[in-house]
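Novice: Right, I'll just put the structure down here and ask away after.
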Amino acid sequence: MHEEVAAYVLGVLDEDENEAFERHLDTCTACQAELKRLVEVPDLLDELKHLPSASEDDRSR
Amino acid sequence: MLLHLDRTFESADAEAEHRIAELYREFGGPLLRHIRRSTGNDLQWAEDVVQETLVRAWRNSARLQWEPGLIWAWLLTVARRIVIDGRRRRSVRPMEVEAPEIDVLAVPDGAERSLSAIVVADALRSLTEEHREVIEQTYLRDRTISEAAEILGIPPGTVKSRLYYGIRALREVLRDKGVAG
Ligand SMILES: [Zn+2]
């Protein structure tokens, strides 16, 4: 279960897995600490996503 | 924002409404600033995400007894999931049509990349193929573990495990480069 913390912080678990992991998180201090350490990684990965923004409007052709 | 609440909670008691209004005062501003970036500055969408995040927080209010750093990490994760769900629903691409395998690390012609985007792309390239691949096929493409497992032809448990070691490795590299704490 501990390894799911990465999939959890990225938001890529299925709905039922997500709920099950949150229940695990309620009692697992190791995963709580890991969540805090990893939470900024998806924000940094967002730099690579082609998110819709005004500056990317000219990419459609 | 409270106008939305009236609609959502017509039948909820005043106590619940009061509690959620408190959560707005405490977390609404910081959450909105954080979420706006991932909604491409779509303010209405970002406000909806904040609202849904705080309603979920209220429904799981035992977690609001955690220490502030953990509450914040949890709220950001709840919000991120809501944004991803929304983006999947809004996607103009039909899900059953497989998009061409564009290189998510490639810089589009004419697109300006921020310095941190270049650093993150470099960090991702420094990982092993197995680690980079699961990060690309899940988070960077808005896919779930199950979807990525099917595409990669490996068990979902393997995707989760590789993501765990891959994301930890990525964080270490980013910390060495000075962009992660
Ligand atoms: Zn755990």
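The values are calculated or read from the model by the stated rules, or taken from the named source; none is laboratory data. Values in this document were obtained by computation on a predicted structure and should not be read as measured data. Please note: Cβ atoms are built from the backbone with ideal geometry, for glycine as well, and neighbour counts cover all protein chains shown. Heads up: the accessible areas ignore ligands, DNA and RNA and are worked out on the full protein's heavy atoms, side chains in. Shrake-Rupley method; radii C 1.70, N 1.55, O 1.52, S 1.80 Å.
Novice: Collect the residues in region A:23-54 that are of a type outside the set (A, V, I, L, M), under 18 Å from B:Ala62 (Cβ atoms) and either touching a residue at least 60 places away in the same chain (Cβ under 8 Å) or open to solvent by less than 20 Å² (accessible area, probe 1.4 Å) (or both), keeping them in residue-number order.
Specialist: Passing the criteria: A:Cys28, A:Cys31.
Novice: Just the residues that are assigned to a helix (DSSP H, G or I), among the acidic types (Asp, Glu) and facing chain B (nearest Cβ under 8 Å), please, taken from region A:1-33. Walk me through it before giving the result.
Specialist: First, pick out the residues of region A:1-33 that are assigned to a helix (DSSP H, G or I): A:4-10, A:15-27, A:29-33.
From the residues that got through so far, the ones that are among the acidic types (Asp, Glu) too are A:4, A:15-17, A:19, A:22, A:26.
Within region A:1-33, A:Glu4, A:Glu17, A:Glu22, A:Asp26 meet the criteria.
Novice: Now for a separate question. Can you name every one of the helices (runs of 4 or more DSSP H) wholly within region B:1-66 that holds 3 or more residues which are buried (at least 19 other Cβ atoms within 10 Å of the Cβ) and modelled with pLDDT of 95 or more?
Specialist: Numbers: elements: B:2-8, B:14-23, B:29-38, B:43-59.
So the answer is B:43-59.
Novice: Let me ask you something else. Go through (1) of a type in the set (A, V, I, L, M, F, W, C); (2) over 22 Å from A:Leu48 (Cα atoms); (3) over 15 Å from the mean Cα position of the chain (by Cα) for B:Leu43 and report which single condition fails.
Specialist: The single condition B:Leu43 does not satisfy is (2).
Novice: Just the residues that are more than 13 Å from B:Leu127 (Cβ to Cβ) and at the interface with chain A (Cβ under 7 Å from one of its Cβ atoms), please, taken from region B:165-181.
Specialist: B:Val179, B:Ala180, B:Gly181
Novice: Report, by residue number, each residue of region A:1-12 that is within 14 Å of the ligand (Cβ to nearest atom) and open to solvent by less than 10 Å² (accessible area, probe 1.4 Å). Talk me through it step by step, then tell me what you get.
Specialist: Within region A:1-12, the first condition is being within 14 Å of the ligand (Cβ to nearest atom), and the residues that meet it are A:1-9.
Within region A:1-12, A:Val5, A:Ala6, A:Ala7, A:Tyr8, A:Val9 meet the criteria.
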